[in-house]
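The values are calculated or read from the model by the stated rules, or taken from the named source; none is laboratory data. Computed from a prediction, not measured in an experiment: that's the story for all the values here. Every residue, glycine as well, gets a Cβ built from its backbone with ideal geometry; the counts of neighbours run over all protein chains shown.
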Amino acid sequence: MTLNRRTFVQGVSAAAALSASRFALAADTLKIGYVSPQTGPLAPFGEADKWVIEQMKTAFKDGLTIGGKKYDVQIILKDSQSNPNRAGEVANDLILKDKVALMLTAGTPETANPVCDACELNELPCISSVVPWQPWFFGRKGNPEKGFNYTYHLFWGLEDVIATFTSGWNSVKTNKKVGGLFPNDGDGNAWGDKELGFPKPLAAQGFTLVDPGRFQNGTQDFSAQIAAFKKDGVEIVTGVVIPPDAKTFLTQARQQGFQPKVITLGKALLFPGAIEALGELGYGLSTEVWWSPSHPFTSSLTKQSAKALAEAYETGTKKQWTQPIGFAHALFEVAADALKRSKSIGAKDLRDAVAATNMATVVGPVKWGGQGPFRNVSKTPLVLGQWGKGTKYKVELTIVDNAGAKNIPTGGTLKLI
């Protein structure tokens, strides 16, 4: 066959058209990165994420129109393995290799902070949650005057958890002596911080805080803390510990004859699985409640109420509802809303759309610049819950104090252990 000029030109044109169509196809897919702890000691924070992402695949099945152009949506989930270094590595992979247009992350400072830092450095918009705003903002060396350029956060703050815990404690009769369990990690150092954390507001309300000092996550011996609490006659125990450490502490406290009247712990007591694992030691423990089926909010994406969302999770997974469901879902609500409003999928346009968010979600209203201490933080409501024997499940969480969010109904009052 003789290759004449006309055939050659036609061939080149066809190849170019094929190449262009392939490129256009690739360019028409919008990628969203999601980083959370799927494994390791913080895995309960990420337990619902795969279910939520499956739900989002349905919600986004017809794609999204952004700046007049339609995109298919691809969600890429990465496991931080409960490790800050790993969280930073997978975030960089999503940014540099997968070329995600937007990052979402949740599940304690050990995951969210390094992911947000990677996004800020690479100028990629990022929405994060499930970290009190102080360890998120100040833990990342945030400057209140400037804030951050590309990273935006939705959650409550230490002032809210302190107000919620103390409101509950003030409703029962104790000697107001509080033992603090603050580990040497992002949360523990923030909660125990003399300026930003529990010490000042507790003193102002007439509580005496006994803080035996920082300990490493995974410690096997709480004898020193228990001895200090017994010596000072502590009747309330608080702090922010990982689930395995709560079990170790509570078991050793029982063995060593230390029986406080109130135990209100952040982080460790959030999840039904952790409470079940404690057996009878789990009854009467109290914790912060950031989301529940009782919350009077509705999803902007699926139109499900908080109750309907929790029920769908229980039906779909055959597991009990868990608090992070609401926030994983809300991150996608905010992402979808910002993407639809963005002029393009360019980083600056998308960042500006995120910053301008003002919407109702299944965890409550989200608005940056006006609903938090800094322009990068939007606060969400917080109430107090207490675990007890369940009717449908072995253990169930009842909201017992709503001083910080009167629109969230209570189901009882705080009872002494």
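Enumerate the helices (runs of 4 or more DSSP H) found wholly within the stretch 120-224, keeping only those where 1 or more residues are small (Gly, Ala, Ser).
Values: elements: 133-137, 158-170, 186-191, 199-204.
Output list reads 158-170, 186-191, 199-204.
Could you check how many residues of the stretch 372-385 are touching a Lys or Arg at 6+ places or on another chain (Cβ under 7 Å) and not in a loop (DSSP other than H, G, I, E, B)? Please lay out each step first, then the result.
We begin by selecting, within the stretch 372-385, every residue touching a Lys or Arg at 6+ places or on another chain (Cβ under 7 Å); these are 372, 378.
Filter again for not in a loop (DSSP other than H, G, I, E, B), leaving 378.
Result for the stretch 372-385: 1.
Out of curiosity, is Gln225 in contact with a helix residue (DSSP H, G or I) (Cβ under 8 Å, 6 or more places away or on another chain), within 25 Å of Gly388 (Cβ to Cβ) and not aromatic (Phe, Trp, Tyr)? Judged against the criteria, Gln225 is not a match. For residues that are under 18 Å from Phe45 (Cβ atoms) and of a type in the set (A, V, I, L, M), scanning just the stretch 114-157, find the one that is farthest from the chain's Cα centre (by Cα). Top of the filtered list is Val115. For the stretch 67-95, a residue qualifies if it is touching a Lys or Arg at 6+ places or on another chain (Cβ under 7 Å), crowded, with 23+ Cβ neighbours inside 10 Å and not in a helix (DSSP H, G or I), and exactly one does: Ser80. From the residues in the stretch 341-381 that are of a type in the set (S, T, N, Q) and within 19 Å of the chain's Cα centre (by Cα), which one is surrounded by the fewest Cβ atoms within 10 Å (Cβ to Cβ)? My answer is Gln371.
In the stretch 276-311, which residues are hydrophobic (A, V, I, L, M, F, W, C) and touching a residue at least 24 places away in the same chain (Cβ under 8 Å)? Correct list: Ala277, Leu278, Leu281, Leu285, Val289, Trp290, Trp291, Phe297, Leu301, Ala306, Leu309.
Residue-wise test of (1) of a type in the set (Phe, Trp, Tyr); (2) more than 26 Å from Trp51 (Cα to Cα); (3) touching a residue at least 40 places away in the same chain (Cβ under 8 Å).
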{"position": "Tyr313", "(1), (2), (3)": "yes, no, yes"}
{"position": "Phe327", "(1), (2), (3)": "yes, no, yes"}
{"position": "Leu339", "(1), (2), (3)": "no, no, yes"}
{"position": "Ser344", "(1), (2), (3)": "no, yes, yes"}
{"position": "Ala347", "(1), (2), (3)": "no, yes, yes"}
{"position": "Asp352", "(1), (2), (3)": "no, yes, no"}
{"position": "Ala356", "(1), (2), (3)": "no, yes, no"}
{"position": "Ala360", "(1), (2), (3)": "no, no, yes"}
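With respect to the conditions (1) more than 29 Å from Gly370 (Cα to Cα); (2) of a type outside the set (S, T, N, Q); (3) part of a helix (DSSP H, G or I), Asp98 falls short on a single one, namely (3). Considering the conditions (1) in contact with a Pro (Cβ under 6 Å, 6 or more places away or on another chain); (2) modelled with pLDDT of 95 or more; (3) over 21 Å from Lys70 (Cα atoms), Thr322 is excluded by exactly one of them, (1). For the stretch 402-416, state whether one or more residues are on the phi > 0 side of the Ramachandran plot and crowded, with 19+ Cβ neighbours inside 10 Å. Checked the stretch 402-416: no residue is on the phi > 0 side of the Ramachandran plot and crowded, with 19+ Cβ neighbours inside 10 Å. For Ile399, indicate whether it is part of a loop (DSSP other than H, G, I, E, B) and either within 22 Å of the chain's Cα centre (by Cα) or not assigned by TED's automatic domain parsing to the domain that holds Phe258 (or both). No. For the stretch 248-261, check the following and say yes or no: at least one residue is in contact with a strand residue (DSSP E or B) (Cβ under 8 Å, 6 or more places away or on another chain), closer than 17 Å to Leu414 by Cα and not assigned by TED's automatic domain parsing to the domain that holds Thr361. Looking through the stretch 248-261, at least one residue is in contact with a strand residue (DSSP E or B) (Cβ under 8 Å, 6 or more places away or on another chain), closer than 17 Å to Leu414 by Cα and not assigned by TED's automatic domain parsing to the domain that holds Thr361.
Only a single item in (1) in contact with a helix residue (DSSP H, G or I) (Cβ under 7 Å, 6 or more places away or on another chain); (2) assigned to a helix (DSSP H, G or I) is not met by Val366, and it is number (2). Just one residue in the set Phe198, Phe155 is over 25 Å from Leu250 (Cα atoms) and surrounded by 21 or more Cβ atoms within 10 Å (Cβ to Cβ); that residue is Phe155. Among residues of the stretch 29-40 that are over 12 Å from Leu331 (Cα atoms) and surrounded by fewer than 20 Cβ atoms within 10 Å (Cβ to Cβ), those with a Cβ under 6 angstrom from a residue that is of a type in the set (S, T, N, Q) and at pLDDT 95 or above, sequence gap 6+ or separate chain, pair up as Thr29/Gln74; Lys31/Gln74; Thr39/Gln81; Gly40/Gln81; Gly40/Ser82.
How about the stretch 272-359: which helices (runs of 4 or more DSSP H) wholly inside it have at least 1 residues that are within 27 Å of Ser378 (Cα to Cα) and touching an Asp or Glu at 6+ places or on another chain (Cβ under 6 Å)? First the steps, then the outcome.
Numbers: elements: 272-277, 306-317, 324-341, 347-355.
In the stretch 272-359, 324-341, 347-355 are the helices (runs of 4 or more DSSP H) which contain 1 or more residues that are within 27 Å of Ser378 (Cα to Cα) and touching an Asp or Glu at 6+ places or on another chain (Cβ under 6 Å).
Residues in the stretch 283-295 include at least one that is touching a Pro at 6+ places or on another chain (Cβ under 6 Å) and closer than 29 Å to Gly197 by Cβ.
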